[in-house]
Amino acid sequence: MRVSRSWIAWMALALSAAPLAAQSYGGTTQLLTIDATAFHGESHPPVFHSDGYLYNADPDDANGSTYDAPVRLPDGAHIEDACFFLRNEEPGPTGGHTVALMVEKFSPQGLPPQEHVIMSASPTTPFGYLGICRDKLGYPVHDEMDVDFDGVSDHVSYRAIVTIREGATLGLGGVQIRWRRNVSSAPAQATFPDVPAGSLFFQYVEALAASGITGGCGGGNYCPDASLTRGQMAVFLAKALGLHWVE
Amino acid sequence: MKRLRRVLVWASLAALAAAGRARGQSFGLGEQGTVVGAAAFVGQNLGLQGNLLSDGYLYQPNFLSTFSAPVALPVGASITQICLYFTNFKPGATLQLQLEAVKFGAGGSGVGAVYPVAGASATASSANGYDFACSGPISYTFHDVADLDGDQIQDRIAHRLSVAFTPLDDTLGLGGVRILWHRQISPPPATPTFGDVPPSDAFFPHVEALAASFITGGCSGGNYCPNAPLTRAQMAVFLAKALGLHWPQ
C-alpha cells in the first residue's frame, strides 16, 4: 500500500508541472491526456525510457514506488471513464500494482490531507503493453465538495496515481480521462422574476447570471422573449469568452 | 556558474511555482502562445534531475541527457511555430528541441513509439548568452487521438516536447519553450446535419461545429432555421451549453 507523505511533499506535488485540461467546449465528451512526463515520484524520481514510458526507479524498495500527477478539470466536469496505459518490461509475477484516480481534501488545520478513491484497479501485467480502463464512472468534479461527509464543504484537488510493486519493472505511458461539461445546476431562488424556476430556460439563464455574462435587460428582469440584436449578441459573446487580450 | 548553484534549492521551488502551469486560456481564433517553463521538463535518464538555477533556467547534469515536458492544447488547435529559449556560453554546444507524439495502446506493435512532428523542431547553437531559436512555419493540428502508424486505426496519443543537450556541457541552459497556436472551426461532416443548412451554405461549418458539440439540436423537423430571429432566452441556452457554466462554490 501507499506510504504516508509529509505536508511538504504534498505541497511540492500541488505546485508541480502538469497540463491543464484541454479546452474544447460544448457538451460532447473529450479526452484529458496526462502524459507520463507529468508524473512525479513520491519516494523515487521517475525514469523515462526511449518509448517515452515512465519506469520504476527503485525495484528493490519494499514499499514499491508511487508516482502522482495532478488532474485538472473545470468545475462541474463529469468524468465518464479513465484509462491508464502501462507496460511490463519483464515477464514474471503479475499483480500487486495499483492505479487510481483520487480526490484529496486540503486540510487547513495542520492535519494531513485526506484521500478518497474515485476509481482504482490492480492490473496484472503480462509481458507487453496494457490499457487499464474503467468506464461509467459518472463522477462530478468540483473544486469544493464535502469529501468526508461532515457537513462542511472542503477544498479539494484531484490526482492520478500509479504504485509499482516491489521487484517489478512496470512502465506508465500516461492517463487519458474521458469527460464532458455540464450546464450548472440552477439555484433555488430565481434571479429574474420573468424567468422563474418553472421556465424551460431557467437553468440556462441562471448559468449566465452566475457567470456575470448577463445582468438582465433592466428592472430586475431578463426579457427572455425579446429578440436579440447583433450588437447585444456581441456583448454576450465577448463577455462569455473574455475576448481578446492583444499581446 | 558556481555562484548561481548556491541558490539552487530556492530557485527550484520558485521555478516550480511559477512555471508549472501550462497556459492557453485565451479564446477566439486569434494567435496565442502557450509557455512550457523549464521546471516542467524531466530527464529521461536514470534518476536524472536537471539543475534549476537562480535564473530559472534548467542546466544539464553531468551526463548526456534529454529532457521532456508534456504538452496539452485544445483538440483542433493549429500549431504554427515553436520557439526554444536558452543560454549558451560556449561555442559548439547545442540544444535540440522536438515536438513529439507518443502512441498509447493495450498491446500490439508500435505502442510506446515516439513520432517526431514534422518541422516542429529548433536548434539552439549560438554562443552569446541568452537567446532563442524558432522552428520554421508549421501547420500541425493537435489531437488526443490520431493514426500515427498508418494502420487505419485511430491510436490514443500524447504529446511532449523533448530537448536534447549535446555535448556534455554545463554551460547550456533551457529557459523554456513557447508554442504559437490558434483555434480552428472544426471540419464539417460530408453529410449535413440540418436540411436547411446544406454544405453550400456560407454558415455550414459553423452550424455543424455547434451541432457536433451538442450546443444545438436545431429548431425542429431536422432543421436549424438559420434565418429565424433569436430570443434572449434562446441565446442563454446556446451560451450556457457552449461553456458549461458556472458551478457555484
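The values are calculated or read from the model by the stated rules, or taken from the named source; none is laboratory data. These numbers were taken from a predicted model, which means no experiment stands behind them. As a convention, Cβ positions derive from the backbone with ideal geometry for all residues, glycine included, and neighbour counts pool all protein chains shown.
The table that follows gives values for the structure above.
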quantity: Single condition residue B:23 does not satisfy, out of (1) in a loop (DSSP other than H, G, I, E, B); (2) at pLDDT below 75; (3) over 25 Å from residue B:114 (Cα atoms); calculated: (3)
quantity: Of the criteria (1) in a strand (DSSP E or B); (2) not small (Gly, Ala, Ser); (3) not assigned by TED's automatic domain parsing to the domain that holds residue A:60, which one residue A:195 fails; calculated: (1)
quantity: Residue list for region A:221-243, filter: hydrophobic (A, V, I, L, M, F, W, C) and either facing another protein chain (nearest Cβ under 9 Å) or in a loop (DSSP other than H, G, I, E, B) (or both); calculated: A:223, A:226, A:228, A:233, A:236, A:237, A:240, A:241, A:243
quantity: Number of the exception - residue B:234 against (1) in a loop (DSSP other than H, G, I, E, B); (2) within 11 Å of chain A (Cβ to nearest Cβ); calculated: (1)
quantity: Spans of strands (runs of 3 or more DSSP E) in region B:112-189 with at least 1 residues within 19 Å of the chain's Cα centre (by Cα) and closer than 23 Å to residue A:86 by Cα; calculated: B:114-124, B:155-166
quantity: Filtered residues of region A:206-220 (kept if more than 7 Å from chain B (Cβ to nearest Cβ) and either loosely packed, with under 15 Cβ neighbours inside 10 Å or assigned to a helix (DSSP H, G or I) (or both)); calculated: A:206, A:209, A:212, A:215, A:218, A:219, A:220
quantity: Residue satisfying condition, being closer than 30 Å to residue A:131 by Cα, among the hydroxyl-bearing types (Ser, Thr, Tyr) and touching a strand residue (DSSP E or B) at 6+ places or on another chain (Cβ under 7 Å), within set B:115, B:85; calculated: B:115
quantity: Test result for residue A:33, in the same structural domain as residue A:175 (by TED's automatic domain parsing), part of a strand (DSSP E or B), among the polar types (S, T, N, Q) and within 30 Å of residue B:164 (Cβ to Cβ); calculated: yes
quantity: Some residue of region B:90-100 being assigned to a strand (DSSP E or B) and basic (Lys, Arg); calculated: no
quantity: Search result, residues across region A:158-172 that are closer than 21 Å to residue A:72 by Cβ and in contact with a Pro (Cβ under 9 Å, 6 or more places away or on another chain); calculated: A:158, A:159, A:160, A:172
quantity: Count of region B:124-135 residues which are in contact with a Ser or Thr (Cβ under 6 Å, 6 or more places away or on another chain) and either without any contact (Cβ under 8 Å) to a residue 40 or more places away in the chain or within 14 Å of chain A (Cβ to nearest Cβ) (or both); calculated: 1
quantity: Odd one out for residue A:69 among (1) more than 23 Å from residue B:105 (Cα to Cα); (2) of a type outside the set (Ser, Thr, Tyr); (3) surrounded by 22 or more Cβ atoms within 10 Å (Cβ to Cβ); calculated: (1)
quantity: Of all residues in region A:39-51 being in contact (Cβ under 8 Å) with a residue 24 or more places away in the chain and in contact with a helix residue (DSSP H, G or I) (Cβ under 8 Å, 6 or more places away or on another chain), the one that is nearest to residue A:175 (Cα to Cα); calculated: A:40
quantity: Qualifying positions in region A:214-247 - under 27 Å from the mean Cα position of the chain (by Cα) and either modelled with pLDDT of 90 or more or assigned by TED's automatic domain parsing to the domain that holds residue A:76 (or both); calculated: none
quantity: Extreme residue, surrounded by the most Cβ atoms within 10 Å (Cβ to Cβ), among residues of region A:149-161 that are away from chain B (no Cβ under 14 Å) and over 10 Å from the mean Cα position of the chain (by Cα); calculated: A:161
quantity: Residue in region B:202-219 that is farther than 23 Å from residue B:141 by Cα, out of contact with any helix residue (DSSP H, G or I) (no Cβ under 7 Å at 6 or more places or on another chain), among the hydrophobic types (A, V, I, L, M, F, W, C) and within 14 Å of chain A (Cβ to nearest Cβ) present; calculated: no
quantity: Tally, over region B:82-108, of residues that are surrounded by fewer than 16 Cβ atoms within 10 Å (Cβ to Cβ) and either without any contact (Cβ under 8 Å) to a residue 40 or more places away in the chain or at the interface with chain A (Cβ under 9 Å from one of its Cβ atoms) (or both); calculated: 4
quantity: Strands (runs of 3 or more DSSP E) enclosed by region A:79-148 - at least 1 residues per element that are within 14 Å of chain B (Cβ to nearest Cβ) and more than 23 Å from the chain's Cα centre (by Cα); calculated: A:128-134
quantity: Members of region B:33-52 found to be buried (at least 21 other Cβ atoms within 10 Å of the Cβ) and either at pLDDT 80 or above or at the interface with another protein chain (Cβ under 7 Å from one of its Cβ atoms) (or both), listed by number; calculated: B:34, B:36, B:37, B:38, B:39, B:40, B:41, B:42, B:43
quantity: Residue within region B:163-171 that is facing chain A (nearest Cβ under 9 Å) and not acidic (Asp, Glu) present; calculated: no
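Residue-by-condition table, conditions (1) modelled with pLDDT of 85 or more; (2) closer than 14 Å to residue A:168 by Cα; (3) buried (at least 21 other Cβ atoms within 10 Å of the Cβ); (4) in contact with a Ser or Thr (Cβ under 9 Å, 6 or more places away or on another chain):
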site	(1), (2), (3), (4)
A:53	yes, no, yes, no
A:60	no, yes, no, no
A:75	yes, no, no, yes
A:86	yes, yes, yes, yes
A:94	no, yes, no, yes
A:98	yes, yes, no, yes
A:123	no, yes, no, yes
A:128	no, yes, no, no
